[in-house]
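Only one structure is covered here, and it is reproduced in the block below.
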Amino acid sequence: MGGKSAIALGLVSGLAAGALLVGGVIALAPGPAAPAISAPPVPTAPPGTPTESAPATPSASPTGTPSVAPSATPTDGVAPAFRIGEPAPSLRLPLLGGGSVDLADYAGSPVWVSFMATSCALCVDEIPSMADFLVRYEQTGLVVLVVDVREDEATVEAFFDDLGTSFPTGLDTDGTAQAAWGAQGLPVHYWVDAAGILRDGALGGIGPDVMAQGLQTILPGAVVTP
């Protein structure tokens, strides 16, 4: 009887140990993997739809300053109106002091045409140099023809009287000649050779060196110095 009880107790203990072992194995076994979460799809544009590009960033110069594309060549204004190598536009105006002045009357002579106004400081500053060149090269037949723009005759006459210097001066009181010659800024200079062809031009505020260069183009037989 005692032996049977011991055997029965041993079986129960074995079954209990086996149950515990199976439970541990089940507990250590990995559970089912959690489903992976994928990123939402990126919408694509329908075929043929234009895409936007990011705005271009200005390229930097070696100094770190953004470079700027050069502007287009102007199609109007002073510089294109110089028309170098072409016949000078016609120029006929009332003459300061009476009568009229006509560029055509100077055919065969080199003519320096200067558009100015007495109210223009740069114009006034240039007049002494212009007078000096005229004195030095007058023997070549050089003519300095001044065109005063949009001022009344009394103002211009008083100006030259006070200055003590005079050139043949046309009065462009309404700006018609200024527009025809493209002299949009003042002063503006044009050098016309003896054949009536424009040989050079310059925006004002220039010095004797630039004046000499312009004169040299219409005085080929002379050595023009500043």
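The values are calculated or read from the model by the stated rules, or taken from the named source; none is laboratory data. Computed from a prediction, not measured in an experiment: that's the story for all the values here. Cβ placement follows ideal geometry from the backbone for every residue including glycine, while neighbour counts extend to all protein chains displayed.
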Worksheet item: For region 201-221, what are the residues that are assigned to a strand (DSSP E or B) and crowded, with 20+ Cβ neighbours inside 10 Å?
Response: G201
Worksheet item: Scanning region 82-107 for residues that are of a type in the set (G, A, S) and touching a strand residue (DSSP E or B) at 6+ places or on another chain (Cβ under 9 Å), which turns out surrounded by the fewest Cβ atoms within 10 Å (Cβ to Cβ)?
Response: G85
Worksheet entry | Of residues in region 115-137 being hydroxyl-bearing (S, T, Y) and closer than 19 Å to G170 by Cα, the one surrounded by the fewest Cβ atoms within 10 Å (Cβ to Cβ) | S119
Fill in: region 138-194: number of residues that are touching a helix residue (DSSP H, G or I) at 6+ places or on another chain (Cβ under 6 Å) and at positive phi
1
Worksheet item: On the given criteria, is L145 over 27 Å from the mean Cα position of the chain (by Cα), at pLDDT 95 or above and surrounded by 14 or more Cβ atoms within 10 Å (Cβ to Cβ)?
Response: yes
Item to complete: Sort through M116, M130 and tell me the only one that's of a type outside the set (D, E), within 27 Å of the chain's Cα centre (by Cα) and at pLDDT 95 or above.
Response: M116
